[in-house]
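Okay, so here's the structure we're looking at.
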Amino acid sequence: RLGVMERYDESAFRLMEPFAAGIRAAADGFASYPLPQEATACTAAALSMAGISMSTAGETTPLSGFEHVISHGLDFLRLTAGRELVFHGEQVALGSLVSARTFDRLLAIENLKNVAWRDEDIRQSLQVLEERMAKAPLPRSTDAASGDPCRERMAAARVEFSAEYRKKTERWAAARPRIGSFVDAGGDIRLELARLTMRAEEMEPLLKKSGLPCRPGETDPSTTEEEFRWAVAFSPFVRVRMNLSDLLFWMDREDLVVLP
């Protein structure tokens, strides 16, 4: 509704909806090895349709939102520090639970008229990016002779993140005049989002049945709470595509995020 993305097609969601019931029903089997035939079949079918749905949408966003940029942030910390990566699915599962809990809180807001939306000043946004990068929980080298490889990787990443966020800010600047109509349609938008998203009280038991983490320390290798908090806080600055973290950042309502 804000028109931040150049293209948006809800057929991607409609293509995936028929697979939801099968995935839920197979949850118990995902913790087993080898996977039961039913779990394998529904997963293969859903993954095949996922590729088709993203092609239809013209974006990965329908299947790669808030939960994925959280995962990318966690990967960034580990890659920068030269540490072993966590399984992608575990991080995305954990991020999905955060997303579901956050959607629950966002959907409880009946009126957006009092939201103090951020302006499109790129300098202010990049300042926030700098401040959050500076707080990244990374090891610091004490060997002056060898330098600090983390710092060098951070410097290179800062350039890339800043360049991508400039593009996102340009889109936000173009969309900002549409905030009024977005707010006016808030009731309809809430209903549609409630239909398209899963409530946290339903998701968490499914994750547990599937043997997936519901807390940072349950990933393999283990993720610290500090690392996870940072990845969530930095998520608006990861990738150009829009997701829930961007909306909360622009609304100046990141307090709605619910951590595990």
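Worth pointing out:
- Counting only helices (runs of 4 or more DSSP H) that sit completely within the range 1-89, those holding 3 or more residues that are within 19 Å of the chain's Cα centre (by Cα) correspond to 11-16, 37-57, 66-81.
- Matching residues in the range 94-115 - criterion: being out of contact with any Gly (no Cβ under 9 Å at 6 or more places or on another chain) and either among the aliphatic types (A, V, I, L, M) or not assigned by TED's automatic domain parsing to the domain that holds Pro213 (or both): Leu94, Leu97, Val98, Ala100, Leu106, Leu107, Ala108, Val115
- Matching residues in the range 164-197 - criterion: being closer than 25 Å to Ala12 by Cα and of a type in the set (Ser, Thr, Tyr): Ser181, Thr197
- Residue count for the range 45-82, restricted to those that are surrounded by fewer than 21 Cβ atoms within 10 Å (Cβ to Cβ) and among the acidic types (Asp, Glu): 2
The values are calculated or read from the model by the stated rules, or taken from the named source; none is laboratory data. In this text, all values refer to a predicted model and were calculated from it rather than measured experimentally. Neighbour counts are summed over all protein chains in view; Cβ atoms, including those assigned to glycine, are modelled from backbone coordinates with ideal geometry.
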